[in-house]
Each structure stands twice: as structure tokens, then as C-alpha cells.
1. Taking the solvent-accessible surface of protein heavy atoms with a 1.4 Å probe, what is the per residue accessible area of the range A:2-89 in Å²?
2. Dipole of the range A:273-456 (Lys/Arg Cβ +1, Asp/Glu Cβ -1, origin at the Cα centre): which of A:LEU282, A:LEU377, A:ALA356 lies farthest to the positive side?
3. Rank these by accessible area, largest first, 1.4 Å probe: A:ARG234, A:ARG145, A:ARG613.
4. Need one word for the range A:273-456: rounded, prolate or oblate. Basis is the Cα gyration tensor (sqrt eigenvalues a ≥ b ≥ c); a/c below 1.5 gives rounded, then a/b vs b/c decides.
5. If you place +1 on the Cβ of every Lys and Arg, -1 on the Cβ of every Asp and Glu, and leave all else neutral, what size is the dipole of chain A about its Cα centre, to the nearest 20 Debye?
6. In what sequence, highest mean first, do A:223-231, A:269-277 appear when ranked by Cβ atoms within 10 angstrom?
7. For the range A:538-633, what is the accessible area per residue in Å² when the probe is 1.4 Å?
8. Can you find, among A:ILE23, A:ILE64, A:SER87, the residue farthest towards the positive end of the dipole of the range A:2-89? Put +1 on the C-beta of Lys and Arg, -1 on that of Asp and Glu.
Amino acid sequence: MYLRQQKKLEERLRAVLRELYQIEVGNIVIDQPPEIRFGEYASPVAFELARKLRKAPRKIAEEIVAALGAIEGFAGFEVAGAGYINSRLDRGTAVQAIAGGSDIETFAEHLHSLVEHTSINPNKAAHVGHLRNAILGDTFVRLLRAAGQKVDVQNYIDNTGVQVADIVVGLMHLEAMSMTDVQKLMSRLAESGERIDYYCWDLYARVSQWYEADEMEKQARKQVRLDTLHEIERGGNEAAAIGELISTAVLRRHLETMLRLDIEYDFLPRESEILHLKFWDLAFEQLKAKGVLYFEAEGKNKGCWVMRRMSWLLEKINTTTTESGENISELESADYYDEASEVSIFSRPKSADEDAKVIIRSNGTVTYVGKDIAYHLWKFGLLGRDFGYRRFFTYPDHDCWISAESGEPDHPQFGGAQAIYNVIDSRQADPQANVIGALIGMGYTDQAAHYTHFSYEMVALTPRCAQELGYEVPEEDRGRPYIEVSGRKGFGVKADDLIDQLIAATQKEVDERHPELDQVTRREIAKEIAVGALRYFMLKYTRNSVIAFDFKDALSFEGETGPYIQYAVVRTRSIFRKGETTAERALAEVADIDPSPYLAGGEADEIWQVWLRAAKTSLLLDQCIGTAEPAYLARHAFQLAQDFSNFYRKHHILTEPDPARKKFLMATAAVTQRELIRSLGWLGIRAPEMM
RNA sequence: GGGCGAGUAGCUCAAUUGGAUAGAGCACCGGCCUUCUAAGCCGGGGGUUACAGGUUCGAUCCCUGUCUCGCCUACCA
């Protein structure tokens, strides 16, 4: 309702400006007045026109208001302050419309999108940083799906990288294990209920220390690491087999951890297949043919195949654009690859570009960015080769597939998406930008424009939290706001430990509050609250804010938290239970009455505030997708819960004597419940029956 | 050296992307359970938005400079 009326108002303003002043205003700014008593929409458009028209803004605003006439659903327009144009909705009509439903259809897009998130190296347990990634990604998937998009969820698995190699080194060299020993180890762990990912967490830290421990041996040990890495990449040997076994087991653990948070995946592309199916060879041919990649014959990169950096391109086209991906759409108009002459803007420079990015080293091996370019060509359906697929993990209503050299004949289609989102932390902005740069250089500007590096800042630990975990915090770090986690040092909070702690804390509360419920139900409620607390905690910060993790904050269930919002829903449920009706019925019954009398006067503003906020959920969905920022919706849900709590205290619903007013108050609780559950659902948070 | 991000209340963060009196949560102080669940509500104190200029009707937001912090910038992967 809110969004639809805003668009109507915008159009009318546009028409009025055309009539009165023969002016086209590109973007008509409409926001909300500082106080609800001023109306629902405010536009400062008169200020903007003041200079152009050489008139006082207030005068312009008066002329516009006079010319607006009547707009369906609006009660009136007025000039406020120095020249704001405030618009009031007809509250009675609006309430009926809000009770009727949402207006997602005003912006729904039927794109085929691909979201990649989680992507944890399968060599250790997931930690809080990975949780932020997965929760952000999963939430964004839910938002896109809510807006009508078809979304594939991918979790990229670097199963042949140096981190997996480190684990293999640990098993083969520190523990002197063979393949059969490793198999025995795994069944021993399984029997004793120990987690393979936790075992690897410690082993990874040990191996990282081992490399550095002995100055004399350092060189040799690093060589062991490199040799192991190459064996794993090549495949068909013991190191590769052990790597495969361990990484697959750890991967399975990651999927189980994420499932605790209701996070599911559709496809797991692995680096091993990107290597063995030779994706790179095809990408190399394309890059070479289009001149994006060229052989460097001199300078420090002599003997390598190199590519211009994105930063160079941005400077070249003289834009102020900096953040990777986000403003690529501005590049669309220009041509960076000329089809006719087959010349790319990236073509070989006259003198060596020392700053160029090396894609193929002088020893003939491909760098990470090179493989990533190939993979992203596949994502957009531009590579000309596909993975094999086989089933890997089963969810209640679908399967998760994994890449394979030769897979099952019948499988769903992946790749070939119209838009992609890569949930990757901000430290990888540069490599991401270079992949985008390669696409642009190859002439795939449209794809580059739909490539979003969904970047976010890391989760670090407060010094206090680090000390609680038993880590020695150096003197100079104690005053800092946060300390970066480190897998190599085994320094961090493991995801499953945190979830366990959260459940233990919520379980205690639920047991105390509801001794009458059976244990299974109490357990279920405790889990829902714990997950709600965790997911909300990770979502309430905007993406580019570093989260300084602290158990005190994360284990809080009061104030701006998930449980606060869940609690508001539980209160509405309680009202309908005691009132022996349902939210659906309460919303339907608002049609029987005229709510207008209850929406007028100062006292009514706080009730109207609930309806207005509830009406904005769709607007928030639109904004969250446009800005790739789920935090706005998290905040919206909190504010709606807050508005409701305020209303709830002041207006006692079930004892309301006026039957028509009672229906209206019931509908107020109902619309809150509907919008809170909807918003929470998109945030991946369930709304418990009781708490 | 270059690039990016950040600096807002004691602490952690917002601020609808240039709009009206910069808002929340936590912490602190005071009040509210015989009434739909107190994981709640109400009230209070708390601010030179790092600093200095500039742009304009209007700046936390844009521009220039300075300071502080973090990250990125390898033929490692």
C-alpha cells in the first residue's frame, strides 16, 4: 500500500511540475516527515526548484499544492516549514487497503539469479566469521525469492587449495598416517562422537605452527607443503585421496552446522572439477583471442601472461567509481571491446605495465584470479562447458548437488544466470574487481553490470572476548576495539559452540517460564529463539561495519534483538488464542467496520503508526534488494515490534467495550503479526508459538 | 608509495543516500506486574557528528586538506 501510494504521488507531482513549470525532474525525492502528525510523505522538491524558477520555495510549494487536486487515497496536501510539501493519506481507506495485502507485485522481477555464499575452506570448523557470511547470503536469497526471482544457491568449495593441503600435511607428516590410518581415525572419531571439523581445527593450527617452528627446517617444510598442494591439484595419488576424504567429511559438517540455522544450498561447485574439467583452458582461449590477456616479454613480469587491473581501467575511463561491482552499471554505455576489430581496451600496452595482474606464471601455472574468471564465465553461461553433477546432501524438500567429473545423467541446470551475487568479505574486493574487469574487457559489459560483489566486513573478537577464550592478548592489542580471528592460530569462536551456548541459554529461560510444556516443545522453542538471536545479531549491522564479537552482546535477548521481535509475535498469538479467533479472521473483519473514527486525534497517532509501519514492509524489501543491504529489513522488523509493544501497553484489546473498536484493535494486532512473521521469515527467523 | 573503508552519546551501532529538533540498543538513575506473556513499557541524564576550510536555501552525508585506525596492493594459493 505504502509503496503504491508513493508511486502514485510521485507521478502526480511529476505531472504537476510539467503543467506548471514545463520542468522534468529526474528523481523526485519523497521521504517521511519527522513526525507522523505531519503526514505520511514529505517532498522537498520545491527547494530544488527555487533557484531555477527564481521564486521562494514556500511560494512554489503553495502553487504545487494548489495544483495537486485530489488523489485517490489521499486526504490532503499542505505546505510546511520553509517549503516542504506534506501529504496525508486517508487513514480509513489506507487501513482497509493494508488489511487487504501487500504490493510486492509493483516491483517484482522474474530474473534468474545466482547467489554464492558460505564458501568455507573445507579444512576446519566453521567460525563466527563464516556465520556472518552464510546468514547474510541466505537472507539475501530469501529477499530475492520474496521478490519473485528464481535463485540458485551455491557454496563454492576450494577442496584443492593450500588450506586443505595443510591438513593433509598434518595427517601425513605430523601424524605419519596413511590412507587407511586416516580412515581408521575417522571411524574412531565417529564412534566417540567427536567432530572431524573440530579435530581439523586443532590440527590446522598445529601444522601452521610446525611450518614456522624450526628456522633450519622452515624451507624444507614449506616445500613439503607445496609438493602436497601440487599432488592434490594433480589428483590420482594418496595425498589427493586423503584430501578428498577429509575435505568431503568437513564439508558435510559445514552443511549440518548451517542447517541448524535453516540455511540450505542447491549446488556445491568444487575447485577440483574446475581443474580437472579444464575450465581454464577454455577461458584462456577466449581471453587470448580477445586480447584481454597478453604475454609479457619484459619487465618484472617477463614470461607471464598478464592482464590489466580493474583499477587501471577505472582510472582510464576517468570515473570516480571505486567500489567493485556496485557502480559498474555506469560503464554500460561505453564499448570496451570492439567486435569488428576484435580489439579490447585491455590490449597490450606499448610499454610494459608493471602493475598488471599475473594470470599465468612464468612456470605455466594459473593463478587464483585466472581460475575465478573461468568459473565466472560458467556462472553467466559464457564458458561453453558444464560440470558433471551428482547428489550430495538431502534436505526435506530438495537435494543439494555437488560437482563431479562424470555425474548423474538427470540433474537440474545450474549456471547461465542473468545476475550473480558473491557474498565475500571486503578484503577480496580487489580480486573480485579483476574478475569483473576481465568480463568488461571481453565485451561482457551487461554481465559485468549484473555482477555484484556482496561485500561485508569481517567478524573480529573484542579483546575481552579473546581473553575469555583463553588467548594471550598482547599488551598493545588490549586497547583496540577488536582483534581479527585467525584459523591458522586456531583463534576464533566456533559456530557450533556458539549455537550450543545460545541454545543452552534460551533453554534455561524457556524451562523456567514454561514448566507446563513437554521437553520436546521446550527444546524446539529454545532452538527457535537461539537461532533468532544469532541471525538477528549478524543482520542488524550494516555490511561495511566490522562486528566486534562479544558473548555478552550475542547472548543478549533484550532490546534490539531477534527475541524481542519474536516476543511481539508471541504476544499477538496470545491475544488471538484468548480471543478465540485468528489473525486472518481479524484482518477480514476490519472490512465490516469503518476504522476512521479510531484513527483521528493525537491518541490515535500511535495506532496509526503501527499500520503505517506494517504497510512499509514491501518498500523495505525493495530497498534491501536495491542496496544489497538486509540490515534495513532487520531494523524495520525491530521498529514494527517496538511500535506494537508501545500500542500493546496502552490499548487493552480483549477488554475493549466498543465492539467496532475492538475489531479495529484486533486487526491492528493481526496486521502486526502478519508483517512481523513475513519480515522474520525473510530474515530466516521463525516465530515461536510461545516463549 | 598507491587504492579502499572507517572515525557520530560512556560502549555497540543507525540516520530512508543532500532535508524539518542527529536516533536506537546496552550501561547508569527513577517508576510500572490483581488487567491480552515484564524476553516488556514509561521517564531521566548524556553530542563541537575526528579536525580545518569549501560548495548551497540546507552537510553526519558532496569537494579539498590534515590526523587516527583497519584492510588490500606478491609469479603464495
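1. Solvent-accessible surface per residue comes out at 52 Å².
2. Projecting each Cα onto the dipole axis, the largest value belongs to A:ALA356.
3. So the residues, ranked largest to smallest area, are A:ARG234, A:ARG145, A:ARG613.
4. Taking the square roots of the gyration eigenvalues as a ≥ b ≥ c, the range A:273-456 is prolate.
5. Its charge dipole is roughly 1100 debye.
6. A:269-277, A:223-231
7. Accessible area per residue, the range A:538-633: 40 Å².
8. Of the listed residues, the answer is A:ILE23.
The values are calculated or read from the model by the stated rules, or taken from the named source; none is laboratory data. Fair warning: this is a prediction, and the values are worked out from it, not measured in the lab. When we count neighbours, we look across all protein chains shown, and the Cβ atoms used for this are built from the backbone with ideal geometry, even at glycine. Surface accessibility is based on the protein's heavy atoms, side chains included, excluding ligands, DNA and RNA. Shrake-Rupley method; radii C 1.70, N 1.55, O 1.52, S 1.80 Å.
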